Amino acid sequence: MSKKENAQIYTKIKEFIKKYSVVAYVAIGIPLFILAMLLTAQLKSISNTEQVLQGKREAQLTDDLVTLQREYNELKEKYNQSSSIVKEYQNNASSNDLLIKSMKEEIDDLGILAGTTNLSGEGIVVTLSDGQRSDALVHDSDVLTVVNELKAAGAEAISVNNQRIISTSAIRCVGPVIQVNYQKVAAPFEIKAIGNAQYLESALTIKNGVSDVLKELGVGINITRHDKVDIPKYEGSLSFKYGVKTK
């Protein structure tokens, strides 16, 4: 075969390959293009889905945050209310403690004045006894005079033979004895008084005072100071049948 023939054959083969290479490229390119489009669409779909899901998650998180914020505010409000109540109770408890203490002190003071409590303190003891003469007897008026003088001198509590003297106490003669708080007591009469011992003694021993008068009558009187005098509480009834409290 001549060189010319060979060249012609080579040229035809080259043209054939060139012709069918384009077809092959087209045949392969179209499916690849379609596949690329499908992959792009799939990726876009996935991206859109993620965006939707992300949006839903953000919306849900926002709702959850709002809910938590509301619950927090409610709890905080309840806490503040509870704290206020506790603080009020504490303040009231403190006020109540002071009030109770004050009331207790007032009740104690009223108990002393009413004679319903045992009492101890500085004071004097006055002993009245019948004299040597037959007419030198201790009378109810003698006891009452000593008691009144002690009251005027500031005695905080007084007793006669352990009978507490209160506002309704009566001292009177009943035959050969004296009756105090409706209880019979006999000589010697021991009159106890709590208060400033010096003042109480001076009130009785002042010149021409109670002590001098009783001595002139022949009645025996002895006065002693004490750092501690014990006076019992009133044991009688303190009820009222006829008195009515008014404003």
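No lab work stands behind these numbers, since they all come straight from the coordinates. The structure presented is a predicted model; accordingly, all values stated were derived computationally and were not measured. All Cβ positions, glycine included, derive from the backbone under ideal geometry; neighbour counts span all protein chains shown.
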On full extension of the chain, what length is gained from E216 through Y199, given 0.36 nm per residue of separation minus the C-alpha to C-alpha distance? 3.9 nm
R225-Y182 pseudo-label distance in nm [points 7 Å out on the Cα-to-Cβ vector]: 4.0 nm
Distance from the Cα centre of segment 168-245 to that of segment 114-138, in angstrom? 5 Å
Using a basic spin-label model with each label point 7 Å from the Cα along Cα→Cβ, how many nm lie between D135 and E74? 10.0 nm
Between M103 and N148, what length in nm is gained on full extension when 0.36 nm per residue of separation is reduced by their alpha carbon distance? 13.2 nm
Contour excess over end-to-end distance, with Cα ends at E88 and S120 and 0.36 nm allotted per residue: 7.4 nm
Segment 189-247, Rg to Rh (Cα coordinates; Rh as Kirkwood inverse mean 1/r): 1.17
Starting from the Cα of S167, step 7 Å along the direction of its Cβ; do the same at N208; then give the gap between the two resulting points in nm. 3.4 nm
Under a no-solvent Debye model with one identical scatterer per Cα of segment 169-221, what's log10 I(q)/I(0) at q = 0.15, 0.16, 0.17, 0.27 Å⁻¹? -0.57, -0.64, -0.71, -1.06
Kirkwood Rh, segment 116-190, all Cα pairs: how many Å? 13.0 Å
Do any of K151/K245; K207/K233; K104/K247 go past 30 Å between their Cα atoms, and which? K207/K233
Value of D in µm² per second that Stokes-Einstein yields for segment 114-247, Kirkwood Rh from Cα pairs, at 4 °C (1.567 mPa s): 84 µm²/s
